[in-house]
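Heads up: the structure comes next, in structure tokens.
Read-outs: derived from the displayed coordinates by stated rules, not from any lab. All of these numbers come straight from a predicted model, not from anything done at the bench. When we count neighbours, we look across all protein chains shown, and the Cβ atoms used for this are built from the backbone with ideal geometry, even at glycine.
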Amino acid sequence: MRIDVIANITARLYRRRPSLLDEVRRVCAGVADVHPTTRVDELDAVCARIAARGTDLVILSGGDGSFMAGVTALARAFGETSLPRLALLPGGTVATVARNFGVQGDPARLLARLFASRALTSQRRATLRVRETREGRATERIGFIFGTGLVARFFDLYYADGARGYGGAARIAGRIFVESFVEGPYARVVLTPMPCTIEVDGRRLGSDRWSLVCAAVVRDLGLGMRVNHRAGEDLDRPHLVASPLPPRSLGPRAPRVLLGRPIGGAGSFDDLVRSFVVRFSPEGPYVLDGDVLRASEVVVSAGPPIDVVTL
């Protein structure tokens with residue numbers, strides 16, 4: 001079996017443990033080829049080389065943004081209908097997508113477990129196709145979790161705080177929740193509805209300001225937040241949740257999210273969709289798998305299904 005490991009060595013775990021890449025190489029010796037990358041153009045070149053000579057399994061190691069960039073590059077190199085089997089190994093601050101697939105822990109140890117398996121089983125998983133337009137230029141990516149409104153503002157605070165992993169994210173979320181009951185300044189920054197419009201399957205939704213817009217193909221968005229409680233239910237239809245509720249109404253609904261129940265509330269949308277379009281004027285922020293981006297328009301639909309190896 002031909003196996004390739006693509007490691008984003010700018011991901012947090014690799015930066016904090018410079019020896020990790022050497023550990024990964026030792027585990028892979030004689031079993032898999034290791035390809036360290038630091039930039040998107042390097043990633044594209046690696047995927048093109050792998051596609052040219054063929055492979056049976058590609059293992060992506062990094063954070064959620066690394067997984068998104070890796071799947072996007074592989075889809076370009078192999079073609080969406082010819083993608084190899086994939087495995088995701090955590091290496092970033094959170095690696096939420098890998099956790100949803102039941103994979104967490106030390107990358108080198110996880111690789112050793114994977115290589116020791118006599119039979120590798122895989123599961124068909126959904127992805128998102130996210131096409132943004134900015135300054136007349138279109139860019140398409142394949143990912144797993146899309147969000148704007150409070151999602152984008154939360155990540156702004158998270159990165160400003162030093163991207164401190166689950167502990168840092170939990171502290172921010174806790175403060176937002178507490179302040180939402182009294183519309184404190186922190187909660188207002190994150191939860192105040194953001195100017196944008198949403199069109200779902202050709203029909204525009206009623207509000208022109210949305211506090212939460214989130215679509216995903218995995219159910220846990222981190223910290224046990226199951227906003228997209230129907231994610232992954234249909235390979236061809238991602239789950240979209242959108243709410244226009246103000247801070248004092250939206251924040252207290254967090255317990256419903258933890259229980260995997262619909263947020264509800266006046267004007268909210270919660271369903272599987274073929275596609276939807278978010279439009280900002282002139283531009284606005286959105287998040288795809290932890291990467292904060294900006295666009296004037298974002299179109300989200302189902303991406304190519306992938307076969308993910310499970311441990």
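A simple count of charges around R2, restricted to other residues whose Cβ falls under 13 Å of its Cβ and scoring Lys, Arg +1 and Asp, Glu -1, yields 0.
The residues R279, R2, when put in order of fewest to most other Cβ atoms within 10 Å, stand as R2, R279. A straight chain from D161 to R261 at 0.36 nm per residue would run longer than the Cα-Cα distance by 33.0 nm.
Counting only Cβ charges, +1 for Lys and Arg and -1 for Asp and Glu, the dipole size of segment 105-174 around its Cα centre is about 360 debye. Could you work out how far helix 165-180 tilts from the main Cα principal axis of the chain, as a 0 to 90 degree angle to the nearest 10? For 165-180 against the chain, the angle is about 10 degrees.
When shorter helices are ignored and each DSSP H run of at least 4 residues is given -39500 (n - 2.57), the per-residue value for the chain at 222 nm works out to -9000 deg cm²/dmol.
Taking 0.692 mPa s as the viscosity and 37 °C as the temperature, the Stokes-Einstein diffusion coefficient of segment 128-305 based on its alpha-carbon Kirkwood radius rounds to 204 µm²/s.
Only Cα pairs under 8 Å and 6+ residues apart enter the sum, and on that basis the relative contact order of segment 187-311 stands at 24 percent.
Principal axis extents of the C-alpha atoms in segment 63-162 (largest first, rounded to whole Å): 50, 37, 18. Roughly what % antiparallel, to the nearest 5, for the DSSP beta bridges in segment 1-158? The answer is about 30 percent antiparallel.
When DSSP beta bridges are restricted to pairs lying wholly in the chain, around 75% turn out antiparallel. Applying 1/(1 + (r/R0)^6) with R0 = 45 Å to the Cβ-Cβ distance of F181 and T81 gives a FRET efficiency near 0.35. Binning the C-alpha pair distances of the chain at 20 Å intervals from 0 yields a P(r) profile of 34, 56, 10 %, listed from the shortest bin outward. Positive contributions from Lys and Arg (+1) and negative ones from Asp and Glu (-1), summed over other residues with Cβ under 13 Å from the Cβ of E140, come out at +3.
The length gained by stretching the chain between R26 and V40 to full extension, at 0.36 nm per residue less their Cα-Cα distance, is 2.5 nm.
For GluC sites (Glu not before Pro), the sites in segment 79-172 that DSSP calls loop and that have at most 11 other Cβ atoms within 10 Å are E135.
Summing +1 for each Lys or Arg and -1 for each Asp or Glu among the other residues whose beta-carbon sits under 13 angstrom from that of P36 gives -2.
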